[in-house]
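The structure under discussion appears below in the form of structure tokens.
The values are calculated or read from the model by the stated rules, or taken from the named source; none is laboratory data. Because the structure is predicted, anything quoted here is derived from the model rather than measured. Because the Cβ atoms are built from the backbone with ideal geometry, glycine has one as well, and the counts that use them run over all protein chains shown.
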Amino acid sequence: MAIQAPEGTRDLLPDEALFWTRFKETAAEVFGRYGYVLVETPVIEQTELFVRGIGEATDVVSKEMFTALSGENLKRLLEGGTVKAKSRLSLRPEGTAGVVRAVVQHDLVPQGAAPAKLMYAGPMFRAERPQKGRQRQFNQVGVECLGAEAPSIDAEAIIMLMRFFEKVGIPRASMRLLVNSMGCETCRPAYRDLVRAYMDEHAGELCETCLTRAEVNPLRAFDCKNPGCAAVMEDAPKITDHLCDDCKAHYAEVLGLLEGAGVAYEEDPKLVRGLDYYTRTVFEVQVTDGLGSQNAIGGGGRYDKLAEEVGGRSTPGLGFALGYERCLMALEAAGMELPRAQRCDLFVACVDDTVRAQAFALVQECRDAGYRCEMDHQGRSLKSQFKLADKLGAARVAVLGPDEVAAGKVTVRDMGTHDEVLVSITDLVSELGSALL
Ligand code: AMP
């Protein structure tokens, strides 16, 4: 059997790849209005970055990372040797840790500086069990703002995310914006203990995984899909009833700014998100149609301790990431058709082989003038050249034969209206310009 793409990965064929390019351009345009600029970080980082940044006990780090080794180090390991910590690399499971590492490494937010507002787009890798909307390699667009603690940063990022989804065409009515505050190092430890105690009281009703979670990170039990656990966690203590005064005020201001901007949201005190680094504001956008259980198209939050975790000075931060493939599914569910990647302004058809050289030169001239121009390269009949032109979505077809070459003129057919005009070959490029305009 021919070799297939690895399980959980997907080829972006031309139409989807074109849409991915447009999607990134739209993100750069919308996020650019808010001051975000593009960065690119490596897809591999030291494993240690994710262990320290995201947290060893998270699913993403404990179970889902793809680890990469150079051939030499793999050989060393297989022979029972060891590999230096800095040679242990992992494919990035998310973008935040790498961007924060870059900010620290290049001191992009020197003390007292304006916040760094950065965006990225590219593939992420998680060794999850593939299912609809859940892949092992998927594309994300994300932003990170480092160096500002103000609730207005949280609110503007959430507003910007919703504006982006609306701009790419996801109907507002099909999206739910969920928000919560996860507290900070002052109030969360006591809250975590409360949840742990509550889970201990209900130990008999919880799954094995949640019993382990109760010890390591009880808040993760809020994400358990097991109906029994979900029912127990429904009545668990709510973080928003246990926030310290500073977190309470911060959260209230974020919500106030969203309301002021007319952005509808739902508070969800069970929204904890899967990564350890979140503090205070967290949010997630879910869609109601087309995605089944993997219905989160984007999400993020504040991570005021992450820069320190990866060895930098204390720098507050906030970011979000959205998944391209899930957005595409949501758009398709909303009835969107992908734009066609193949487009052709002019197809030059040859009546017979004697005019191929002239056709080749004409096609080249039109391309040099900036038009997408194509001809047949397989000796097709005139009829099948028209079929090909149609398939390529050609707006016009120029028919070139020995008579046309002798007369210095060519017939140009508009493929939409079927109107034909006779154009001087030397004027073709300028005629094409005015016709297309
Ligand atoms: P996360 O980093 O888990 O918050 O993910 C942010 C967004 O990336 C999600 O809302 C999804 O849209 C997308 N995403 C996360 N994991 C996957 C996956 N395994 N396959 C496809 N998209 C994903």
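Observations on the model:
- Within the stretch 293-333, the residues that satisfy the criterion of being out of contact with any strand residue (DSSP E or B) (no Cβ under 9 Å at 6 or more places or on another chain), of a type in the set (A, V, I, L, M, F, W, C) and more than 27 Å from Gln46 (Cβ to Cβ) are Leu328, Leu331.
- If you go through the stretch 132-145 and keep only what is surrounded by fewer than 22 Cβ atoms within 10 Å (Cβ to Cβ) and either more than 9 Å from the ligand (Cβ to nearest atom) or more than 19 Å from the chain's Cα centre (by Cα) (or both), you end up with just Lys132.
- Complete set of residues in the stretch 198-218 that are surrounded by 13 or more Cβ atoms within 10 Å (Cβ to Cβ) and among the small types (Gly, Ala, Ser): Ala214
- Output for the stretch 378-437, where each listed residue is hydrophobic (A, V, I, L, M, F, W, C), surrounded by fewer than 11 Cβ atoms within 10 Å (Cβ to Cβ) and touching a strand residue (DSSP E or B) at 6+ places or on another chain (Cβ under 8 Å): Leu422
- Taken residue by residue, the stretch 232-244 has at least one member that is surrounded by fewer than 22 Cβ atoms within 10 Å (Cβ to Cβ), in a loop (DSSP other than H, G, I, E, B) and among the basic types (Lys, Arg).
- Checking every residue in the stretch 203-226 against the condition of being among the charged types (D, E, K, R), at pLDDT 95 or above and farther than 16 Å from Ala321 by Cβ gives zero matches.
- Any hit, the stretch 169-176, residues being on the phi > 0 side of the Ramachandran plot and either surrounded by fewer than 20 Cβ atoms within 10 Å (Cβ to Cβ) or within 16 Å of the ligand (Cβ to nearest atom) (or both): yes
- Residue list for the stretch 83-122, restricted to those being farther than 19 Å from Thr67 by Cβ, aliphatic (A, V, I, L, M), part of a helix (DSSP H, G or I) and away from the ligand (no atom under 16 Å from the Cβ): Ala102, Val103, Val104
- Any hit, the stretch 70-89, residues being closer than 19 Å to Gln135 by Cβ, buried (at least 16 other Cβ atoms within 10 Å of the Cβ) and either at pLDDT 90 or above or of a type in the set (Gly, Ala, Ser) (or both): no
- Listed by position, the strands (runs of 3 or more DSSP E) enclosed by the stretch 391-437 that each have at least 2 residues that are free of Cβ contacts under 8 Å to residues at least 24 places away in the same chain and within 44 Å of the chain's Cα centre (by Cα) are 409-414.
- Counted residues, the stretch 146-162 - those being hydrophobic (A, V, I, L, M, F, W, C) and away from the ligand (no atom under 16 Å from the Cβ): 6
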